[in-house]
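A short write-up of the structure that comes next.
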Amino acid sequence: MASVWSNLRKGQLMSLAWYVVQVATNMEDKVQGSLTLNIIKKINDYEYAGQKDKANQVRESFGITAELASDAEIDDFLKKNIILVPKEKIEEVRNGKKRENDRKIFPGYVLVKMDYSDEMGLLIRKTPKVSSFIGVAKDSRPVPISQKEVDSILQQVNDSKEKAKHKVEFEVGEKIRIVDGPFVDFNAIIEDVIYDKFKLRVNVQIFGRETSVDLEFGQVEKLG
């Protein structure tokens, strides 16, 4: 699996761990954006106040190196590497049309890679639409998830980029309606599902005779 850290120097993020943050459902992307802006603002506020050491501490907490100078560079880095909303590619069929969309793997949760401190923990908790960290220990510090869990999540994300999963599941024997091609508006029975080619083999009655026809997912729709 290609590492999401391939653009960073080896060992640069060794002290950082992944934490799970619970957020309002359907607000995951907004939280990602808000948290990114809050981190950048915290860095800038310290720098404007002449507190360079504190600004660097915030940078180090989220693996932001000196090479990342502009707000835009930091924003891009954080959203791609540090504050993640894991998503997978999904193949959907709507109104007979095949579309590829993103689906959140863990609705209501955001992953954050950081060197946890009380100050940075408070910054995250005070971000609008954030509920809490998941897995809080007795000392009120959140417990990071294991690298094995993270690798599994990132593998799922990477795999879905290579090949979209199918949100519409077809079954052999299921009755469908053809919405495109020479047999449009015909009903048919599914004989075989060929997911790797996005195709179906269906049985259609034409002039009283049963005929097998190969169709793409986008040429049919479910009945009922």
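Only the coordinates and a few stated rules stand behind these numbers; no lab work does. As the structure is a prediction and not an experimental result, all values here were calculated from the model. Here the Cβ is made from the backbone with ideal geometry for all residues, glycine too, and neighbour counts use every protein chain on show.
For segment 17-166, compute the orientation-averaged projected area of the C-alpha convex hull (one quarter of its surface), in nm². Don't skip to the answer; put the middle values down first.
On the way: hull surface 41.6 nm².
Result: a mean projected hull area of 10.4 nm².
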Tell me which of Ala72, Ser117, Val31 sits at the most positive position along the dipole axis of segment 31-150, charges placed on C-beta atoms (Lys, Arg +1; Asp, Glu -1). Val31
Which of Lys79/Lys222; Lys30/Lys197; Lys80/Lys129; Lys148/Lys197 exceed 30 Å between C-alpha atoms? The answer is Lys79/Lys222; Lys30/Lys197; Lys148/Lys197
For segment 175-222, what is the Kirkwood hydrodynamic radius in Å, using each pair of distinct C-alpha atoms? 10.5
Work out, step by step, the length gained on full extension between Ile105 and Lys126: first 0.36 nm times the residue separation, then minus their alpha carbon distance; give nm to one decimal. 5.1 nm
The exposure ranking of Thr25, Thr65, Thr36, fewest beta-carbon neighbours within 10 Å first, is Thr25, Thr65, Thr36
Phi angles of segment 199-212, converted by Karplus (6.51 cos²θ - 1.76 cosθ + 1.60, θ = phi - 60°) into ³J(HN,Hα) in whole Hz with x for Gly and Pro, give 10, 10, 10, 10, 9, 10, 8, 10, 6, x, 10, 7, 9, 8
For a quick check: with amide H placed at 1.01 Å from N, whose amide H comes under 5 Å from Lys87's, ignoring anything fewer than 5 positions away on the same chain? Ile105
Using the count of nearby Cβ atoms within 10 Å as a rough guide to exposure, how do Leu223, Leu78, Leu68, Leu215 rank from fewest to most? Leu223, Leu68, Leu215, Leu78
Could you please rank Leu200, Leu123, placing first whichever residue has the fewest other Cβ atoms within 10 Å of its Cβ? Leu123, Leu200
In nanometres, the difference between 0.36 nm per residue of separation and the alpha-carbon distance of Leu37 and Val204 is 54.5 nm
Relative contact order of segment 175-222: what whole-number percent is it, with Cα pairs under 8 angstrom and at least 6 residues apart? 36
